[in-house]
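I have placed the structure first, in the form of structure tokens, so that the comments after it can refer back to it.
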Amino acid sequence: MARAMTLTEKILAAHAGRADVSPGDIISIELDLVMANELSAAVAITEFRKIKGATKVWDPDKIALVPSHFTPNKDIATATLSKMMRDFAEEQRIKNYFEVGRGGIEHVVLPENGMVGPGETIIGGDSHTTTYGGLGAFATGVGSTDIAAAWAIGEMWLRVPPTTKIIYEGSLRPYVAAKDLILATIGRIGVDGAIYGALEFTGPVVKELPISGRFTMANMSIEAGAKNGIFPVDATTEAYCAAVGKKNYTVYHADKDAAYAGEVVIDCTQIEPQVAIPWLPENTKNASQLNDIEVHQAVIGTCTNGRIEDMRQAAEILKGRKVHPRVRAIVIPGSQKVYLQCIKEGLTEIFIEAGCVVSTPTCGPCVGGHMGVLTEGERCISTTNRNFRGRMGHVKSEVYLTGPYVAAASAVAGHIAGPEQLGKPVAA
Amino acid sequence: MILKGTAHKYGKNVDTDVIIPGRYCNLIDPVELGKHALEDLDAGFVKKAKPGDLIVADTNFGCGSSREVAAVALKGAGVAGVVAKSFARIFYRNCINTGLPIFECPDGVDGINDGDTITVDAANGLIRNETTGKEFRATQFPKFMQDLIAGGGLLAYVEKRLQEKAAQRA
């Protein structure tokens with residue numbers, strides 16, 4: 001009889017053609033989707049050309065290419081990388097190429113187009129590929145040579161990770177959402193707390209989370225060093241898949257007696273709106289402790305918090321209020337679909353009335369690329385995922401990580417603040 | 001292969017953004033990337049590092065982005081290898097795939113100071129601090145990875161898998 005397995009182990013065993021797997025086993029898995037963006041694809045194409053016997057990709061329908069990071073192209077060098085990827089998509093007849101204007105940020109675009117689903121194995125040339133664990137998929141980021149290899153053979157070798165279970169108990173306070181949960185978790189276990197491992201997110205609070213929130217949490221699994229982060233599949237997952245037209249997926253569940261490398265119980269009732277201060281995502285504080293920190297810029301969006309639910313949270317705070325005179329507030333819907341939905345729901349008008357700039361979908365400022373790069377001494381409150389030194393620009397600029405509620409409230413206050421610290425909005 | 005050079009020592013969680021900042025991620029050329037290696041952690045690194053030098057660092061080296069250019073930038077700057085207490089997993093794979101030798105050796109990191117001369121026997125993971133005379137042994141790679149590296153790396157492995165698949169179809 002096969003050994004009892006965690007959710008991650010179940011998916012890996014099925015894709016390795018084995019009855020079971022154990023942590024530490026080195027296996028080769030079949031891949032359901034291989035994703036790359038213009039930065040990772042350009043290097044991967046160069047490597048792919050070196051493989052003798054690989055003129056065509058193994059399956060063009062299982063490859064997705066998404067220009068996102070420095071697009072719309074910020075300079076000639078970027079335009080050259082983007083063109084390499086576009087030409088490769090045409091040459092290899094890869095139809096899942098999402099041109100600028102028809103896509104956005106990969107981790108927002110692929111789920112909303114029904115390209116990822118429960119029980120699947122997905123790798124991507126981007127560390128935040130872990131996002132798709134929100135749907136109960138095994139998803140992990142890799143470098144470009146691994147992408148090139150996967151394009152050729154449709155397989156990847158990996159070491160089966162030990163799984164740590166994180167159990168979210170209690171209930172959420174007002175203005176506390178998924179981003180606060182994952183920041184609190186990283187604050188607890190550290191940026192290498194899950195190194196080489198898998199995180200399985202469970203508990204009563206998680207059951208109530210919308211898929212957008214699960215994406216936010218799985219997205220930042222990598223910030224704890226994890227190979228992947230994954231959520232159990234439930235009715236919410238199935239409803240999401242039905243809504244986006246995702247079909248033909250297999251639902252796996254962790255065995256009740258599966259062995260976990262560790263368990264961490266988090267009492268959500270104790271969690272206030274969170275902020276991670278420079279230079280690591282593990283440096284978490286309560287937003288209310290940081291009121292003396294002035295901000296010069298606020299970024300709301302990205303693969304972590306660029307979905308419509310995130311936009312609604314930001315709009316709830318910004319409605320009838322004005323961005324502080326010293327602050328540039330940059331709102332970046334994660335995809336064209338989210339952008340359009342913002343317009344339909346009147347959120348774009350709220351943002352513009354408040355004094356925000358509303359950008360086309362791009363990773364832009366998060367990677368210090370464009371659309372909001374910081375200079376020396378500037379500080380940004382941001383719904384992005386990394387606050388490393390120099391991440392958003394100058395080596396002496398600072399990024400403070402938080403969720404949309406606090407980012408929006410801080411944009412209004414001019415310093416770090418939670419929504420409950422703001423005065424009443426002006427009646428419309 | 002014996003690596004010999006000066007150790008440049010850094011702390012915990014050296015992330016890929018300081019190894020090669022995002023603003024240079026639209027570069028591909030190893031030499032150009034190498035000019036900016038570790039720029040945001042130690043602006044003087046590229047100037048003081050000599051070809052063949054090694055980086056010694058604490059835990060979780062290379063955390064963050066999947067950018068393969070992080071490993072390429074270190075190679076481009078002439079770095080011969082990295083000794084750390086632990087590596088972030090994507091960076092670990094990227095080093096194997098781009099041929100930047102890495103060694104997991106917690107004792108060695110504690111026993112090497114910035115500026116010491118060290119030698120590393122890449123074949124058996126023996127690390128010797130020439131300045132102090134102390135020796136350390138790096139964690140061995142699992143057999144699969146040893147074979148992968150000895151066989152010429154990931155692309156050579158892929159070529160073999162393509163041949164096997166073609167034979168299966170025949």
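Every read-out reported here was derived from the displayed coordinates using simple, explicitly stated rules and does not represent laboratory data. Since the structure is predicted, the reported quantities are computational estimates derived from the model, not experimental observations. Here the Cβ is made from the backbone with ideal geometry for all residues, glycine too, and neighbour counts use every protein chain on show.
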Whole-Å distance, taken between Cα centres, linking region A:390-428 and region B:107-170: 46 Å
Exceeding the 28 Å Cα-Cα cut-off - candidates A:LYS396/B:LYS12; B:LYS12/B:LYS160; B:LYS12/B:LYS75: B:LYS12/B:LYS160
Karplus-derived HN-Hα couplings along region B:71-80 (A = 6.51, B = -1.76, C = 1.60, θ = phi - 60°), whole Hz, x at Gly and Pro: 5, 5, 5, 4, 4, x, 7, x, 5, 8
Neighbourhood net charge (13 Å Cβ-Cβ; Lys/Arg +1, Asp/Glu -1) for A:THR55: +3
Sites A:LYS396 and B:LYS48, calculated FRET efficiency, Cβ-Cβ separation with R0 30 Å, nearest 0.05: 0.90
Residues A:LYS74, A:LYS337, A:LYS83 arranged by fewest to most Cβ contacts within 10 Å: A:LYS83, A:LYS74, A:LYS337
Dipole magnitude of region A:275-417, debye to nearest 20 (Cβ charges: Lys/Arg +1, Asp/Glu -1, about Cα centre): 120 debye
Label-point separation, A:LEU340 to A:GLU208 (7 Å along Cα→Cβ), nm: 3.4 nm
Estimated FRET transfer efficiency (A:LYS424, A:ARG102; beta-carbon r; R0 51 Å; 0.05): 0.80
Radius, Kirkwood style, for chain A when every pair of distinct Cα atoms is counted (Å): 21.6 Å
Folded to 0 to 90 degrees: helix A:38-48 orientation relative to chain A principal axis, Cα: 20 degrees
Table column - 3J(HN,Hα) (Hz), region A:52-58, Karplus curve with 6.51, -1.76, 1.60, x for Gly and Pro: 5, x, 10, 8, 10, 5, 5
Neighbour net charge for A:PHE138 - beta-carbon separation under 10 angstrom, K R +1, D E -1: -1
Degrees separating the helix B:154-169 axis from the principal Cα axis of chain B, which is the longest one: 10 degrees
Distant-in-sequence amide H partners of A:GLU398 (H built 1.01 Å from N, under 5 Å): A:GLU378, A:ARG379, A:CYS380
5 angstrom amide H check on B:SER66, placed H, neighbours 5+ away: A:SER127
Size of electric dipole in region A:261-332: Cβ of Lys, Arg +1 and of Asp, Glu -1, about Cα centre, debye, nearest 20: 580 debye
Positive minus negative residues near A:THR236 (Lys, Arg vs Asp, Glu; Cβ under 13 Å): -2
Selection from A:THR185, B:GLY5, A:MET85, by position along the positive dipole direction of the protein assembly as shown (Cβ): A:MET85
Karplus-derived 3J(HN,Hα), 6.51/-1.76/1.60, for each residue of region A:187-197, Hz, glycine and proline x: x, 6, 9, x, 6, 10, x, 10, 4, 6, x
Only Lys, Arg (+1) and Asp, Glu (-1) charged, at Cβ; chain A dipole about Cα centre in debye: 680 debye
Euclidean distance between Cα centres, region A:298-370 to region A:122-147, Å: 25 Å
Inverse mean reciprocal Cα-Cα distance (Kirkwood Rh) of region A:95-151, Å: 11.8 Å
Spherically averaged projected area of region A:275-417 from its Cα convex hull (nm²): 7.1 nm²
Qualifying GluC sites (Glu not before Pro) for region A:363-428 [loop in DSSP, other Cβ within 10 Å: at most 12]: A:GLU376
On Cα atoms only, tilt of A:144-153 relative to the major axis of chain A in degrees: 40 degrees
Spatial separation of Cα centroids for region B:1-70 and region A:185-238, in angstrom: 30 Å
Amide proton proximity set for A:THR163, modelled H, under 5 Å, gap of 5+: A:ALA198, A:ALA261
Label point at A:ARG173 placed 7 Å out along Cα→Cβ; residues across region A:246-279 whose backbone nitrogen lies under 20 Å: A:265-277
Which of A:LEU183, B:LEU126 has the fewest Cβ neighbours within 10 Å, and the rest in rising order: B:LEU126, A:LEU183
Shielding by partners, peptide A:226-239 (average Cβ within 10 angstrom, other chains): 0
Per-bin percent of Cα-Cα distances, region B:2-139 [10 Å]: 14, 49, 32, 5, 0
Two-site label geometry, B:GLN163 and B:GLU32: point separation in nm, points 7 Å out along Cα→Cβ: 3.6 nm
Gaussian network model of chain A, springs between alpha carbon atoms under 10 Å - residue of A:GLY125, A:GLY53, A:GLY229 with greatest fluctuation: A:GLY53
Given charges at Cβ of Lys, Arg, Asp, Glu: the protein assembly as shown dipole, positive-most of A:PRO161, A:VAL142, B:ALA138: A:VAL142
